Amino acid sequence: MSKLKSKIPEGPLAEKWTRHKNSVKLVNPANKAKLDIIVVGTGLSGASAISTLAELGYNIKAFCFQDSPRRAHSVAAQGGINAAKNYKNDGDSVFRLFNDILKGGDYRSREANVYRAAEVSNQTIDQLVAAGVPFAREYSGYLDNRSFGGVQVSRTFYAKGQTGQQCLLGAYSGMIRQIAKGKVTMYNRRDMLDLVIIDGKARGIITRNLVTGEIERHSAHAVVLASGGYGTIYYLSTLAVGSNATAAWAAHKKGAFFSNPSFVQIHPTSIPQLNDYQAKLTLMSESLRNDGRIWVPKKKGDKRHPVDIPKDERDYYLERRYPAFGNLVPRDVASRAAKERCDAGYGVGESGLSVYLDFSRAIERLGKKAIENKYGNLFEMYEKITGINPYNEPMRIYPAGHYTMGGLWVDYNLMTTIPGLFAIGESNFSDHGANRLGAGSLMQCAGDGYFILPVTIGDYLADEIKTPKISTDSSEFDKAEKESHDKLSKLMAVNGTQTVTSFHRRLGRIMWDLCGMVRNEKGLKKAMKEIASLREEFWKDVKIPGTIDEVNQELEKAVKVADFMELGKLMCQDAINRKESCGAHFREESQTPEGEAQRIDDEYSYVASWEYLGEGNDHALHQEKLAFDNVKMQERSYK
Amino acid sequence: MEIKLKIWRQKNATSEGTFIDYILTGVSEEMSFLEMLDFLNTTLIERGDEPVAFEHDCREGICGSCSLYINGRPHGPGNLVTTCELRMTRFKDGDNIVVEPWRAKSFPVIKDLIADRSAFDKIMEAGGFISVNTGSAPEANSIPIMKEASDEAFDAATCIGCGACVAACKNSSAMLFVAAKVSHLALLSQGRAESARRARAMVTKMDELGFGSCTNTGACEAECPKGISLAHIARLNREFLKAGIKS
């Protein structure tokens with residue numbers, strides 16, 4: 001039934017990765033120098049993979065749409081990066097980190113992959129520190145840790161609220177060192193439009209040069225996608241506005257299965273929408289929930305200024321509902337709880353769509369200086385945007401689309417269903433199940449790029465050492481280039497009346513309302529219908545000024561939105577198929593009497609992987625059953 | 001409110017540019033500066049004109065993409081903000097706003113308000129790294145680093161590579177950008193071994209790429225959206241001097 005072979009190594013959980021490393025095929029240094037690898041995306045996973053693969057001797061062609069690889073959106077990760085160092089001696093271990101990720105993901109990820117992610121986390125911290133990442137330190141000179149949502153130990157390494165920036169710049173520095181050595185050729189300002197497959201193997205990509213508009217061909221022995229997630233499908237999200245699904249979607253349409261597309265994390269603490277022109281939502285790091293308390297007034301529609309509302313008239317609803325974890329419940333739980341309060345009429349702010357995040361008690365207890373040390377830049381950022389000083393009054397926050405747990409299906413080697421095509425970081429589905437824990441994204445990205453892919457890709461490339469340089473002069477490249485060109489021409493030819501952004505906003509609204517924090521079958525079916533008609537309208541009436549052969553930012557957006565129209569449909573289809581609630585996927589039809597997510601393990605302990613069967617046809621579902629041999633599946637209670 | 005915009009329009013790298021005037025009504029105080037430009041672009045597209053090309057991505061002041069020279073200042077009025085963090089509350093009804101790309105020989109204009117800053121990557125390639133291969137790192141806590149040094153390194157490392165320092169400098173010098181990286185890595189014991197060599201390589205590359213010399217006016221520090229201190233230039237000079245003595 002299933003075409004999906006996960007290739008999980010035999011043996012006890014804790015030994016699988018070691019055994020695998022000992023058994024994968026190796027490529028000798030002379031042969032590595034004959035092999036080319038394309039890496040699309042230069043965020044933390046891409047940059048760490050690029051530097052490491054180049055150090056090993058492979059020739060790398062690296063691509064990003066930004067003007068510099070340093071700007072990839074890992075740069076915006078705020079709170080931290082997890083590792084099982086147990087520096088705090090609080091009982092942490094690789095097993096506990098593994099168990100927390102698995103539980104946090106509501107048992108919808110693979111044991112072996114998650115264990116490996118936890119296992120390499122410690123080495124990742126060593127690597128980043130050696131590369132010069134200035135993580136926070138104690139006065140002793142040793143590294144500091146803090147706690148994060150969904151766990152009861154302190155295992156998060158951080159650099160104020162700019163951990164992602166620092167980690168990315170660390171990986172970027174390793175990568176540019178290899179550019180200088182000539183082992184990496186950097187192609188900035190390129191959008192990947194298509195994947196080229198020759199004799200069943202990924203052998204190249206088609207890109208658009210965003211300066212000249214030229215459609216280009218690039219070939220290699222293997223292709224790695226490190227192209228991030230698709231959270232911008234909601235239009236308003238915490239992602240960079242340029243983030244897109246184009247590379248992953250092109251790969252999907254060429255045969256790479258897409259897994260669990262509906263698993264999207266809605267982050268609980270973002271600055272609420274301020275106006276109708278807004279282009280994105282700004283995240284306030286989850287780390288703020290370490291010291292901030294979330295509340296709404298106990299009285300419906302209480303319009304008093306927050307500092308004038310006495311403590312006993314405040315409903316600290318997370319502490320009330322989840323006494324064991326309080327404000328540190330995982331993101332999905334915190335987001336839904338905020339939505340529940342706001343929908344019930346207790347929300348604050350003009351729109352009633354926000355809740356308070358209050359630091360007054362922490363400031364009383366620890367002093368302003370201590371809070372400034374931990375969160376100074378986040379407080380500044382908040383004040384710049386809202387004009388409100390969070391040292392004096394609570395922040396207002398609301399959930400926002402953030403991270404996509406779903407992504408391209410990969411096996412244990414991080415290879416997709418297309419031989420020679422790999423997916424790492426957020427672009428794959430593998431580690432976070434139905435919900436990602438805070439500080440887990442940087443951990444996975446760096447682990448994939450530094451320590452996992454460089455080993456597993458060798459297993460594939462060992463059989464390619466006799467393959468000469470791949471020529472771009474072939475019918476497969478001709479065809480892919482023509483298809484890319486045709487797609488762009490078709491978009492330009494519509495010459496309608498409505499802007500790309502107006503379509504994106506409307507699509508985002510449908511997704512947010514019907515395939516966001518809470519879903520039900522009726523709504524999802526409605527969403528699919530609405531998306532279909534919006535898509536039709538888009539292809540009839542979108543207006544793209546300018547031409548193909550120049551800088552054309554509207555065309556770039558149009559390519560992205562055209563893909564999102566298709567991906568949005570698949571997300572809804574996936575959400576309809578999964579009739580249970582799990583992690584971030586909350587189906588109203590499947591909840592406990594207390595309103596918590598109700599998994600249906602007997603029926604849905606699988607990875608839903610979707611195969612593209614051509615325009616006009618429905619996707620085919622393939623199930624990869626998940627087995628849990630080392631942990632007992634628990635109800636995910638944070639009470 | 002209504003604002004009068006004067007925006008640099010340039011078709012591509014080889015064509016001549018010029019200022020074009022736009023009157024934009026219905027601007028809300030709640031918009032960010034870039035949302036105001038989005039709004040202008042929507043208006044332009046709807047009436048059949050070409051939108052203004054400008055660079056942006058994260059829109060939260062961390063990626064360093066945005067790069068507008070607004071009313072004679074990089075990132076516009078206000079301190080410690082990037083263009084994307086600039087809010088329209090800074091402006092009032094009837095204001096004239098002049099918007100230009102970064103102006104520097106080493107940052108040629110690609111289109112409208114987009115300048116090519118790849119020279120920064122070239123400087124980084126010359127030495128903005130610690131030469132450690134993946135796998136050879138020692139246990140992280142085996143390298144204790146004084147908190148003060150680590151904090152100062154962090155401050156230097158918060159540079160977002162936007163290029164405001166170059167745009168602000170009358171000589172288009174990239175000293176603050178180079179200094180931030182040299183200082184960040186020189187302050188950490190992991191980075192000490194290469195610090196003199198790094199300083200020399202990066203400064204040499206900076207000169208080669210046509211950036212001007214530093215005359216310590218401090219304009220860069222004043223306009224840096226991340227508040228990178230001029231003190232890092234002093235540290236760069238020390239490292240550079242050491243490199244000179246050694247060679």
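Below is a table of values for the structure above.
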| quantity | calculated |
| --- | --- |
| Cross-link table A:K369/B:K147; A:K522/A:K557; A:K298/A:K339; A:K311/A:K384, entries beyond 20 Å C-alpha to C-alpha | A:K522/A:K557; A:K311/A:K384 |
| Computed FRET value (nearest 0.05) for A:M633 with A:N209, which takes r as the C-beta separation and R₀ as 41 Å | 0.25 |
| Extension gain from A:K181 to A:K303, taking 0.36 nm per residue of separation minus the Cα-Cα distance | 37.7 nm |
| Acute angle (nearest 10 degrees) that the helix A:500-514 long axis makes with the longest principal axis of chain A, alpha-carbon atoms | 60 |
| Tilt relative to chain A, helix A:111-130 - C-alpha long axis, 0 to 90 degrees, to 10 | 90 |
| Angle in degrees between helix B:175-186 and the longest Cα principal axis of chain B, rounded to the nearest 10 | 40 |
| Pairwise label distance in nanometres, B:D21 with A:E550, each label 7 Å out on the Cα-Cβ vector | 2.4 |
| DSSP beta bridge pairing in region B:3-111, given as percent antiparallel to the nearest 5 | 75 |
| Cut-off 18 Å (backbone N to label point 7 Å along Cα→Cβ of A:D486), residues of region A:587-622 | A:613-617 |
| Approximate spin-label separation B:T89-A:E615, in nm, with each point projected 7 Å along Cα-to-Cβ | 4.8 |
| Where labels lie 7 Å past Cα in the beta-carbon direction, separation of A:D343 and B:D49 in nm | 4.5 |
| Share of pairwise Cα separations in region A:475-611, more than 28 Å, in percent | 34 |
| Dimensions (Å) - region B:118-246, Cα atoms, principal axes, largest first | 45, 29, 27 |
| Amide H contacts of A:V410 (H built 1.01 Å from N, under 5 Å, at least 5 apart or other chain) | A:F429 |
| For the protein assembly as shown, size of Cβ-based charge dipole, Lys and Arg +1, Asp and Glu -1, in debye | 1420 |
| Zero-based 10 Å bins, Cα pair distances in the protein assembly as shown, whole percents | 2, 13, 24, 28, 22, 10, 2, 0 |
| Length released on extending from A:Q152 to A:E372, taking residue separation times 0.36 nm less the Cα-Cα span | 76.8 nm |
| Relative packing of A:366-372, B:98-104, which averages over residues the other C-beta atoms within 10 Å, highest first | B:98-104, A:366-372 |
| ³J(HN,Hα), Karplus 6.51/-1.76/1.60, whole Hz, each residue of region B:164-170, x for Gly, Pro | 4, 4, 5, 5, 7, 7, 5 |
| Within straight-line cross-link reach of A:K160, aspartates and glutamates at Cα separation under 18 Å, skipping those fewer than 8 residues along the same chain | A:E138, A:D144, A:E286, A:D291, A:E372, A:E380, A:E383, B:E60, B:E148, B:D151, B:E152, B:D155 |
| Neighbourhood net charge (9 Å Cβ-Cβ; Lys/Arg +1, Asp/Glu -1) for A:K543 | -3 |
| Highest average packing first - A:56-64, A:514-522, A:429-437, B:204-212, Cβ atoms within 10 Å | A:429-437, A:56-64, A:514-522, B:204-212 |
| For region B:3-111, radius of gyration divided by Kirkwood radius, i.e. Rg to Rh on alpha-carbons | 0.93 |
| Over 24 Å (Cα to Cα) - which of B:K6/B:K92; A:K7/A:K625; A:K183/A:K487 fall in this group | A:K183/A:K487 |
| Antiparallel %, DSSP beta bridges [both residues in the protein assembly as shown], to 5 | 70 |
| Net dipole in debye of chain B [+1 Lys, Arg Cβ; -1 Asp, Glu Cβ; about Cα centre; nearest 20] | 1160 |
| Sum of -39500 (n - 2.57) over DSSP H runs of 4+, divided by residues of the protein assembly as shown (222 nm, nearest 500) | -11000 deg cm²/dmol |
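A short reminder: the numbers here are calculations on the coordinates, not readings from a lab. Everything numeric here is computed off the predicted structure, so don't read it as measured data. Virtual Cβ from ideal backbone geometry, glycine too; neighbours counted across all protein chains shown.
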